[in-house]
Structure formats: structure tokens, C-alpha cells
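Some notes on the structure that comes next.
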Amino acid sequence: MTAPLSGLPPSLPILGGGIALLMLSIAWRRSEARAIVIALATLFLAFASLWSPVLSWPGDPVGILFVPDGWFAYIAGLILLSSAACAIMAWREAGTPADEFYLLLLLGTLGALVMAGSVDMVIFFLGLETLSLSLLGLIAYHRIQPTADEAAIKYLILAGLSSAILLFGLALSYAESGSLRFAAPSLAGPDGPALPLAATALVLTGLFFKLSAVPFHTWLPDVMEGAPIPVASFIAVTSKIALFAALARYFAGADLLRPDAAGMELAIIAVLSMFGGNLLALGQTNLKRLLAGSSIAHVGYLLLALLSPGPFGLASAAFYLAAYAAATSGAFAAMRGASGLSDIAGWRGMFRRRPALALAMAVMLISLAGIPPAIGFFAKTYIVIAGVSARRVVLLVALVASSIIGLYYYLNVVRAMMEPVPEDHRAVRGTQANTVLITALAIVTLLAGLFPEMLVRQTRALLQPLPVLRAASLPPIAPHDILYSE
Amino acid sequence: MSDLPFILFSLVAAWAAIMVVTRAVAVHALLYLVVVPLSLAGVFFTLGAPFAAMLEVIIYAGAVMVLFVFVVMMLNLGRSDRDRERHWMAPAVWIGPALLSGLLLIALCITLRTIPPTAASDAMVPIGPQSVGLLLYGPYVLSVELASFLLLAGLVSAFHIGRNIRGTGTGEP
Amino acid sequence: MSAASPTHALLLATLLFAVGMLGVLARRNLLLMLMSIEIMLNAAALAFIAAGARWHAAQGQVMFLMILSLAAAEAAVGLAIILRLHSAGRPTLDADTGNRLKG
Amino acid sequence: MNALLLPLIVACPLLAAGVLFLSAGRMPPLPSCVIGAGSVGLSALMAAVLAIGFLRTPPPTGALHATLWSWMQVEGFSARIAFMLDPLSLVMMLIVTGVGFLILLYACGYMHDDPDIARFFGCMTLFVAAMLVLVFSSDLLSLYIGWEGVGICSYLLISFWHADTANVTAARKAFIVTRIGDAAMLCGLLLLATRAGTLDVASVLQTVTARPADLQAAIAAFLLLGGAVAKSAQVPLQTWLPDAMAGPTPVSALIHAATMVTAGVYLIARLHPLFASLPVAMTAVALIGLITLLLAAGSALVQTDIKRILAYSTMSQIGYMFLALGTGAWQAAIFHLVTHAFFKALLFMAAGAIILRVHHRQDIYQMGGLAHAMPGVFAAFLAGSAALAGLPLLTAGFYSKEMILQGAWHADPMLWAGALLGAFATAIYIFRCVFIVFFGPRHTEPHGRTGATMAIPLVCLAVLALTGGWMGMPDAIAPVHLLSHLLSPLFGASMPEGPHWLLWAGSLVPLAGIGVAWMLWQPRTRTRTPPENALARVARAGWDFDTLYDVLIVRPFTTLGQLNQSDICDRLSDATAATARAGGRMLGRMQSGQVRRYAGWIAAGTVVALCLGVRP
């Protein structure tokens, strides 16, 4: 048996080290500048380490809790970059003292990373809860914002409830199979399909709560509205990417096309999320809530990709995650650039007041709406191709119909920005770092939309051996092996 | 005869849990809440997990519950709170939740009834601290590391949130 | 079959779980909701111990430990938030009134 | 090197269009002219270099390829912008850049005093770029982009003088009518693409020829034909072209005579294996061509507006090309396309020169006796008319028309007879125009003189209109088959020639037509007033297709609209919107802000999922 930590990707120790360093720095003397430098350096170092050769997974099936495969590397890259975007957005926004903000951000990122690569219930659960607890601190970070506490307590209660349900599901799964492997239990167990299905249903509740799929989405708009902008971005992007990665791992190897309750539940929730998210965003006057609705809808689209096995399913989901991350982070960065202006009415006339900012925002919204030439169009096309090749007709119809609803509210914001400047507008400003971030994200969103081939090749290459399937096909840890092999 | 402790502890735990969710006075509920982990520790013991039983008593009934007690004391709840609580617990309020919880209970019980006993011998095999430790510091050492980060995240969050309570606290409109 | 079988323990866990959920859904006091969640977490912990006993493996207890640490951390953060809410304008800890985030 | 020139030829006018549009109309006339004409001139130069290189050392595969941009490439589907230079697009490229340059040069003089000259050149260069994209595309996606691009430019340029509502109406008409065809064509392209699983022209054609033609292929072919018919102003979607003469004359010369309207011919030639495999489609193409050429020639006989005469003449000549396509004489169609581009551009520009000097009058009955006042323009117009009429031996039009007549004879002597009748009418109507405009008493005193920038293109095109036909002669005269040889790798060997008397008939008919025209409209006859009988009125109105469409389509539609004033159809979309909004409100109500409710939703979702799982 290899040493238990040998297969660990270097990005995790790097993040741990960064957290320790940041704590030391706080203990010595507080400084927001130093904190953000340490945080960004840690994130980028961890990002760079994704290319290290250690990442080649040793392939020892016994005692493997963590699989640093191509899927992990891809997801980890997205997580680290979107966390870095959150950190940049938080600069001079985090509140006082700001240091812990970056500390919590790093902790949350660590949790997300762990979740993306874990194939064991224990590890997955720890990652999930590390993310969750860090988020709690981040949501309630602003003492001035009166809604922060309310958002935090809502998140606490509901996350606690969903965690308990998830844990109970995991326990049932363990009771049924005797394995802590984080994977959808096989229905062909000795006890019949009822218990595995019940366990799956409970686990899915926990996952869908964090992913905010309808009907487990109710917390998201409230929490995102109450949270600071960088945190809202963290919830909408980083945490969702990690959760989706875990969901994909959970179902890797399970045939989702079989007509049983798990596939059925996923399909129903996908349709509900597409329509629910878009309809919810339709009537919003608050940009944060609008983006919350939009992110719920995007979860629905991602589920369609997950439900379309075949050569495109997971690859299109991976591509979509990147597109979603770029555009949503960009939209939040643009909000940050406008002094955190979240009221849509406040964005009127932005094309005249701040043309560059308005243009960037328009690019992000167009990408989210799936209009060419932004990357979102291609991402959605890719998912549609995946869905068509798997013949998920109902889901495709739902995707198209709900996307049309989506067009309205995204373009509504663009329209507001094109209106004449209202008389009572107030000046908006952001930070230079944030401007750089917006510019970079806008360029990525446009360029990747014009030349998506490169990213497509990347996603296909990473997922080529379908390591997710491989992870699930590992033999479960036999109950006695570990105990008595020492 | 050997089943008696299990049944006893189970009944106590269930009773205490029901009492917790139905008490109007927070302190009473809290005291019943202490009973839940204590009786559960007994259940753990009968299930052959003495190590878990000890931890349940020490950490749960000891540390976590003390935290609750501390907060309840700080909140300084009085008679008006109890009356309001009674008012909130009108019978109509319980219909929906009871329906949902009941359905959940029935569905899970039906499911669990399908489990046959495992092939392993039905006799309880005690699993002591040693085997747990071997597992924990063997293959699961990563989880220990991660648990420390989990606690750190909780600590930092609680610390930061708690810091803002001092002083005026109600500075906002 | 002995009464102290894992299956019966799982049934007990289910009962506790349902009772905890009942508390979360029915109580309006945030503190009581938090307590109910603690009951649910305890139920999950019991389920893991029972499952571990069912397979004669120590993994259930490892998971139990992790749940324990989560419960502790969550209680700490939750109580901190409750204290802050209490001191910042919601002394009744009523979950239903005074919500500004909605719609 | 050569493959690199290909995108550069497109980039030049595109860049110029960008510069001209970005100047937002503030650019003075001279730089506008230099940028506009210069960029296309540069393209023409590069095209010439490329053509010489291509002809001297033909690429081994018969075509140059340049993939500019691969947008998406997923199994079963790929979309990219890819260019290709094969003999067909080589010929088209030379026409578009060469004739285009001459016309833009001419426009420098013609539009010199217009305040919006920068916008004019912007649209024109954009048009050239779009047209080049259209002819270079080796991919149906980019072909369609070019196709729509030229349509938009045409719309913008017809309504160039948008202060006059009539111009805007004409532009809208042109846009809507061609749009009908475009929609059909898009469906056809997509149908083809789904059949082949790709948008690449070569692969699409390969799949088409690999399988026997079935109903789906026939539907696709007819949909594409719809697009071609609308773009090339053929019956029954021809009504827009005469009205499109509302645009400036250089626009009429470039877009509505030399290049864009021939895009339909190009499309069918490009996809000829598809049509060749479907006899029904071929017959339809030939018949459409024949009917158009006869109807348009009849209309041209009685027009009074010089530009409308030329517009109907254009329809008629493109009818010849369709006839050639329909009879499988692909080379003949392209040959006629080339010579037509020369002489029709020449005729339009000469007409423009006249119009400019007679105070923007376009009625031929108000001109008269201009031969002495503007001998140069007269010579140019005469050369163009002779070529159009197909005066034997001397002119380009004779050779290309002869080839079409040969093809028609081989297909069906009846088609040949019809085409010959058309040739007779052609000679009559164009020389009617010549005799009325340049001979007899003068009704309007011309002023000014035709400047060098306008004269040079006239001279160049006059020479081309006379000599351009020598690249393909019947064997009876001289065995020269330059164009046919160039195109033969694409279209296969050209057809054998028919009996000699065909050639005699083709030569004598135009002469007879000119004779008839002289008898009717020589200066001393009394028919020098517009004919006013019922038939003439109907023919002048383009056989009243407009009225027909008005009665058949527009009126029922407006009546339906009036009946539907309360918007029954709108109810549907209103209801959809209302449903969506109600759904949004419902979900908004779900966001009550109360944690317990939220927890309730979560619990409910879980319980439902559980019950779904436990039920069996």
C-alpha cells in the first residue's frame, strides 16, 4: 500500500501552505495589500502546479480517496481562476479588517478543490463543509450591510438541513453497500433497488441544494443579494463548479438513461431548473437576484449535458462551465466596477456614462444569453449537440424554450444601459485591478467565442480516457481490507 | 436480555428528541437536547462502538451543548418569549411539517424494512479506538488534515462574526 | 435477530431524523431550528455508526468523527450569527418576520 | 503565397469599407474616392496576379484552398469560413474586381458632388467584399454570409437617396422580394447540409452525386432555385429589379447588372451536380430562363425610362444564362455572364453619363439627337448595344449568345426557337433605344462634358464588350475555346456544335432586329412617341406582375390584417408572455423570504424524490 498522501496533487498542499502563511501574516501585522498578494500568489501557484507531473494519478485503487485526474485538473483550474477573480473583486471592498476575507476565500477554495477530486464520502463531505463554513463567514462579512446577517442565517439553517439530509443519504448508501466510495450506488445490490434509490434521492437533495437547482434553489437569490459582490460571485461560480464536478463524479459510471427514479429525478430537476431559474429572473429589478435566477437556469442546462452520455456529454459540460464561469464572474466584476450598483434602474444610461464598462457588461450578458459571437453561444450549441446525439428531446425543448425567456431579461439590462442618462444618476467607480479583471474576462469571453476550437480540444483532451468513468469502476474498498492490511 | 439497554436508550433518545422540538421554553428544550446525545452514546455502546460513545458524551453533550447553554443564557429569554413561543406553536402550524416528516419517515421505514441481515455474523463485534485510530491515521490521514481546515474555517468564520457583536452592535439603522 | 441489530438502529436514526426535520419545519425560533438541525446531524451520525456495525467496519466511526467536527463548527458559527442577529435588531429570533431579502 | 492573396483580396475592400464607415460621413470626396476605388483597384491587381499565377501553374487539385477561420468543429458538424479558388471563382473574381474597379472609378466622377459620397463608397466597397466572399466560399456557411451581405448592400444602395420615399419603397421591395428567396435558399442549404452532415461544398456535392437523387434532394434543389431566382430577378420573383433602378447609376451598373444579380447563376453553376442529377430541376431552370427572357424583352420594348429598359434587358439576359444552365450548357452560361458583365455595365455607365448631362432626365423621349452632342458616349453606347444585340463577329455578346443557342438546340429545338425570338426582340428594343436617344430632333440641350474618370471606364469596357467574346468562338469561325477549356475541369467537356445553319440563323436574327428597329424608329418615322395601347401598358408595367401580386398576396394579407385588428395572433404571444410573467410571479412568491418556507421546499423536494424511488 502506498503512502496515504502520495497521490495528492500539489495544489492542495500549496493552498494549505498559503492559508498558514496568511494566518501568520495576520498574526504579525494586518494589511489588506499583503493579504491579497498572498492569496493571489497562492491561487496562481496552485494553478501553475496543475501542470506538474505529480498529477499523473498513480492508479492504486486501494485506499484511494482522491483522484487527481484530468477532470480534477480542469475543474481545479476553473475553481482557482474564478477564486482569483473573486479576490481581485474584493480588493478595497472586503470590509475591515479585510485579511480574514482572503483567508476564508482560500479556505473555501481548498474545500471546493477537495470536492472536485474526491471519490470518497469522507473527503467529499469535508470539502463540502469547509466550503460551506467559509462561505458562511464570507456572507456575513460586512457588518455595515444590514442584510448580511439575514443572508448568513438563512444559509446556515438551510445548508445545515441539506447537509443533514445529504449525510443521512450517504449513511444509507454506506449501510447498503458497505463502501464509502462516493458514487451512485448500484441498483443491482443484494437488497433490491429501493434502498439505493432512497440513498441517491437524499444525496441528490444535498448536492442540488448547494447547486441551487429548483426546487432547492430558494436560498440562492436571498443569499446572493445579501452577500458582498465577490462572495456572490464565489457562490455563483466557484462553489457551483465544484458541486457540479462532484455531481458528475457521483454519477460517473451510472447509466443515467435508464428509466429509473434517479435519472428521472435528474431530468425533472433539469427542466424545473431551466424554467424556474429563467422565470425567477424575469421579474427581478435587482441585478444580483437576476444573476441568481440565471445561474439556477444554467444549472439546468448543465444537467442536460450530464444527462447526455456519449462523446460530448461531459466535454460539453466542461466547456459550458468555463463559459459560465467567465461570463458570470465578468458580470459581477462589472457590478463591482460600477460601485456595486445592483439595482437595474441604476444602470440606465450606462452606455453613455461609462461606455467601456457597459460594453463589458453587455458582452457578459450576451454570453450568458447564448448569443453569438460570445462564448456562451458556442457553449450552449455544444450542449445542444450533446443532447441531440443522446436524443434527449424533452430536455432540449425545455432548453430552447427557457433560453428564449432568458433572452428577455438579459437583453432588458442591455436595453436599460442604452437608455438616456437619468438625471439623478450618481458617479460609479471601481478599482484598477477590477478594470483589468473585467477587460481580461471580456476579451476571453469574446475570443473564446470566436475561436472555441482551442478550448474544445482542451476539454476533449482532458476527458479523453473518461477518467470519471474509470474512477467509478474502481473496486470498492472492501470493508476488511484497510482494517487488517496493516 | 442484552437487547434491553438498546431499547431503553432508543426510547429515551426518541422521547427526548420529540420533547426538544415541542418545548416552548428554550432552556427546557436545551436540557432535553443534552439528553439526546447522552442516550445516543448508550445506543452507540450497544452497537459496539465504545469510542464513538465516549466522544459523543465528551464533545457533544459536553462541549457543543455547553455552547448552546452559554448562548441561551446570553440571550436572556423571559416569560414574554415563552408566551410568544406558545403562540407560534399553534396546532395548525404543525400540519404541514408533520405531513412532510411523516411521509419521510414512512418512506424510509418501508425502504429499511427491505434490508436483510448481512452475510457477516449478526453478533456485535466491538470496534474499539485502536481500529478506528489505525484507519484514521492510515488511509484516512487526509481526512484528518482536512478536518483541521474545516475547523479552521469554522473558527475564522465564528471569530469574525463574533467580533462584530461587541460595542454598539446596533449601529445600523 | 437481536433487537440491537443495525437495522433497528437505522430505524431509530430515521425516527430522530424525521423528528429533527419536523422541528426545522415547524419552529419559528432560529435557536430552536438550530437545535433541530443538531438532532438531524445526530441521527446521521447514528446511521453511520449503525452502518459501520452492520459491516463490522470502523469507517462508520471515522465518518462519525467528521460529523462531530462539523456539528461543533456549525454550532459555533450558527450561535455567533444568532448572537449578532439578537444584538442587531431581531431580538425575538423570529425566522418569519423582519426579512428584507425576498421576492 | 497564392493562398495568402485570396483573403487579402477580400480584406482590401472590407478594410476600406471599415475606414469609410468609421469616418461617419466626414471624409471629403477625394480621399473617399481614392480609398473606395483604390482598394478595389488593389484587389483587382492582386486578382490579376493571382489569376496569372493560377493559369500558368494550375494547382494540382485544380483549386487553391484557404481556411480563414474554423469556428466550430464537432463531430457531425463543422462551421468555418473557408475560401477556394477554382476556375469558376477565378472568372467571378476577375469580373467582380475588374469590372467593379472600373465602375468605382466611374463613380468617382458620377458621385463627385454628392454630399454622402463617403457612405456611398463605404457601401460599394462593402458590397465588393461581400460579393467576393460569396464567390470564394468553399463552404455553404460563408457563401450564405456573402449572399446576405450583398443583399444588405443592395438594400442600402437602392435607398441611397433616402430623402425620396419612392427610393426607400423600392429598396424595401427589393429586400422583401429577395428575402423570400433567401429564406427558401437557407432552408435548401440546411437541407443539403443535413444530408451531407457538413457545410463544405465539395463534400455536399459528393454526397449528392454518390446517392441517387431522391425527393429530399429535389426539394433542396428547388429551394435553392428559389433563392437563385429571387437574387437574379427571374420569373416569378423578378418584380424588384426595375424598381431597384432608383439607386445611383453606378449601383445599377455594378450590383444590378454585372455582379449581384448573377449570383443566382453562380450558385446554380457552383452546385451544378445537384441540378444535373435532377431532370425536373433542369427543365424548371430552363423554362424559368426562357419565360423570363421573353417577358422581360417584351417589357423592354415599350419602356420609356432608359434605366428601366436596361433593367428589363438585364432580366432578359440573365434569363439566357438560366436557359443555358437549364440545358446543361454550363460554360455558355458563365461565358454569357462574363460578356454580359462587360456590355451591360458599359450600357449602364453610358446611360449614366447621358443622364448626368441631360439634367437627370431618364425618359428617352425627352432626349433625342444626342449623337452629335456627345459622340464619345454615343460610341460607347453603340458598342454596348451591338454587343447586347449580338451583332455577328464584331461583338462579345454574339459569341456567348451563340453558345447558349447551340446548347438550347441540343436540349430542345423549341427552347432554341424561343431563345432566337428573344434575340430578335433584344436587337429591336436596344436599337429602339439607340435610335430614339441619339437620332432625330433634340428635346433637351445637354450641358457639361463627360470627365476623364468616367470616360476611361467607358473606353475600357467598350473595348471589352467588343473583343471580350474572342475567348470562345465556334469552330466554324475559329477554334478558340479559352474559357471552355479553363472551366472544363469543373463542368466537363463542352457540347459538340450543331449544324452550320444554326450559326447563320443566330447571326442574321439580330441584324433583322436592327432592321426592324430602324424601320420603326428611324428619325423620320412617326412612331417616335410612346405606344399607348393596352398591351403596351401592361408590358410597360412588367406584365402587371405587381398588380397580380397585389391582388393575390398583398391585398388578402392586408385584409387579413384588418380583420385581425384585435390581433388574434398577438394574443398567443401575449399569452406566452403573460404565462411567463405569471410563472415568474409564482416563483417570486416562493421567495417569501422565510427560512421555514424554504426549508419546506427542500423537504418537499426530498420527500417527493424519495417517494418516486420507494414506490415500486
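The values are calculated or read from the model by the stated rules, or taken from the named source; none is laboratory data. Computed from a predicted structure; not experimentally measured. We place every Cβ from the backbone using ideal geometry, glycine too, and count neighbours over all the protein chains shown.
Numbers below:
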item	result
Residue under evaluation A:S339, criteria (1) without any contact (Cβ under 8 Å) to a residue 60 or more places away in the chain; (2) within 29 Å of A:A87 (Cβ to Cβ); (3) of a type in the set (S, T, N, Q), criterion not met	(1)
Selected residue [in contact with a Gly (Cβ under 7 Å, 6 or more places away or on another chain), at the interface with chain C (Cβ under 10 Å from one of its Cβ atoms) and free of Cβ contacts under 8 Å to residues at least 60 places away in the same chain] from B:V21, B:V72	B:V21
Hey, A:V394 aliphatic (A, V, I, L, M), out of contact with any strand residue (DSSP E or B) (no Cβ under 8 Å at 6 or more places or on another chain), farther than 20 Å from A:V456 by Cβ and not in a helix (DSSP H, G or I) or not	no
Sole exception among (1) within 12 Å of chain B (Cβ to nearest Cβ); (2) modelled with pLDDT of 95 or more; (3) within 25 Å of A:T205 (Cβ to Cβ) for A:M115, by number	(2)
Condition broken by C:L46, with the remaining ones in (1) at pLDDT 90 or above; (2) closer than 29 Å to A:V223 by Cβ; (3) buried (at least 24 other Cβ atoms within 10 Å of the Cβ); (4) not acidic (D, E) satisfied	(2)
In the stretch A:412-438, residue farthest from A:A369 (Cα to Cα) [restricted to those that are of a type in the set (V, I, T) and touching a helix residue (DSSP H, G or I) at 6+ places or on another chain (Cβ under 7 Å)]	A:V421
Residue list for the stretch D:213-264, filter: assigned to a loop (DSSP other than H, G, I, E, B) and without any contact (Cβ under 8 Å) to a residue 40 or more places away in the chain	D:D214
Breaking point among (1) surrounded by 24 or more Cβ atoms within 10 Å (Cβ to Cβ); (2) at pLDDT 85 or above, for A:I123	(1)
Wholly within chain C, helices (runs of 4 or more DSSP H) carrying at least 2 residues that are within 14 Å of chain D (Cβ to nearest Cβ), in contact (Cβ under 8 Å) with a residue 40 or more places away in the chain and more than 30 Å from A:L279 (Cβ to Cβ)	C:30-55, C:59-87
Subset of the stretch A:209-234 (residues that are over 20 Å from A:L303 (Cα atoms) and small (G, A, S))	A:G226, A:A227, A:A232, A:S233
Failed item, numbered, when A:A184 is tested on (1) part of a helix (DSSP H, G or I); (2) more than 11 Å from chain B (Cβ to nearest Cβ); (3) more than 30 Å from A:S342 (Cα to Cα)	(1)
Filter result for A:E176 (among the acidic types (D, E), away from chain B (no Cβ under 12 Å) and farther than 15 Å from A:I269 by Cβ)	no
Complete set of residues in the stretch A:188-206 that are more than 8 Å from chain D (Cβ to nearest Cβ) and crowded, with 24+ Cβ neighbours inside 10 Å	A:L195, A:P196, A:A199, A:V203, A:G206
Residue check for A:I383: in contact with a helix residue (DSSP H, G or I) (Cβ under 9 Å, 6 or more places away or on another chain), without any contact (Cβ under 8 Å) to a residue 24 or more places away in the chain and either within 12 Å of chain D (Cβ to nearest Cβ) or among the basic types (K, R) (or both)	no
Of the criteria (1) closer than 11 Å to D:V437 by Cβ; (2) not in a helix (DSSP H, G or I), which one D:A371 fails	(2)
Any hit, the stretch B:111-131, residues being at pLDDT 90 or above and of a type in the set (A, V, I, L, M)	no
Test for A:D255: is it of a type in the set (D, E) and more than 25 Å from A:S342 (Cβ to Cβ)	yes
Some residue of the stretch B:49-67 being buried (at least 21 other Cβ atoms within 10 Å of the Cβ), assigned to a loop (DSSP other than H, G, I, E, B) and facing another protein chain (nearest Cβ under 7 Å)	yes
Residues satisfying the stated conditions in the stretch A:344-402, i.e. within 27 Å of A:V428 (Cβ to Cβ) and polar (S, T, N, Q)	A:S367
Test set (1) modelled with pLDDT of 95 or more; (2) out of contact with any Phe, Trp or Tyr (no Cβ under 8 Å at 6 or more places or on another chain) - A:G108 fails condition number	(2)
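Results for (1) within 17 Å of the chain's Cα centre (by Cα); (2) at pLDDT 95 or above, shown as yes or no for each residue.
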position: C:L16; (1), (2): yes, yes
position: C:V19; (1), (2): yes, yes
position: C:L32; (1), (2): yes, no
position: C:M40; (1), (2): yes, yes
position: C:V62; (1), (2): no, no
position: C:A71; (1), (2): yes, no
position: C:V77; (1), (2): yes, no
position: C:P91; (1), (2): no, no
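Okay, residues lined up against (1) touching a helix residue (DSSP H, G or I) at 6+ places or on another chain (Cβ under 6 Å); (2) surrounded by fewer than 19 Cβ atoms within 10 Å (Cβ to Cβ); (3) not in a helix (DSSP H, G or I):
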residue: D:Q406; (1), (2), (3): no, no, no
residue: D:W409; (1), (2), (3): yes, no, no
residue: D:Y429; (1), (2), (3): yes, no, no
residue: D:V459; (1), (2), (3): no, yes, no
residue: D:A462; (1), (2), (3): yes, no, no
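This table checks each residue for (1) closer than 20 Å to D:G418 by Cβ; (2) surrounded by fewer than 24 Cβ atoms within 10 Å (Cβ to Cβ); (3) at pLDDT 90 or above; (4) in contact with a helix residue (DSSP H, G or I) (Cβ under 7 Å, 6 or more places away or on another chain).
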residue	(1), (2), (3), (4)
D:T239	no, yes, no, yes
D:A246	no, yes, no, yes
D:I255	no, no, no, yes
D:L290	yes, no, yes, yes
D:L295	yes, yes, yes, no
D:Q303	no, no, no, yes
D:Y312	yes, no, yes, yes
D:G328	yes, yes, no, yes
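Every residue, every condition in (1) of a type in the set (V, I, T); (2) within 13 Å of chain C (Cβ to nearest Cβ); (3) surrounded by 19 or more Cβ atoms within 10 Å (Cβ to Cβ); (4) touching a Lys or Arg at 6+ places or on another chain (Cβ under 7 Å), yes or no:
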| position | (1), (2), (3), (4) |
| --- | --- |
| D:S573 | no, no, no, no |
| D:M586 | no, yes, no, no |
| D:G593 | no, yes, yes, yes |
| D:A599 | no, yes, yes, no |
| D:L610 | no, yes, yes, no |
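The rows are residues; the columns are (1) in contact with a Leu (Cβ under 8 Å, 6 or more places away or on another chain); (2) modelled with pLDDT under 90; (3) not in a helix (DSSP H, G or I).
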site: D:R571; (1), (2), (3): no, yes, no
site: D:D574; (1), (2), (3): no, yes, no
site: D:A577; (1), (2), (3): no, yes, no
site: D:G584; (1), (2), (3): yes, yes, no
site: D:L587; (1), (2), (3): yes, yes, no
site: D:G593; (1), (2), (3): yes, yes, yes
site: D:W601; (1), (2), (3): no, no, no
site: D:L610; (1), (2), (3): yes, yes, no
site: D:G613; (1), (2), (3): yes, yes, no
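To keep it simple, each residue is scored yes or no on (1) under 26 Å from A:L131 (Cβ atoms); (2) small (G, A, S).
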site	(1), (2)
A:L166	yes, no
A:L170	yes, no
A:S173	yes, yes
A:P193	no, no
A:P196	no, no
A:F208	yes, no
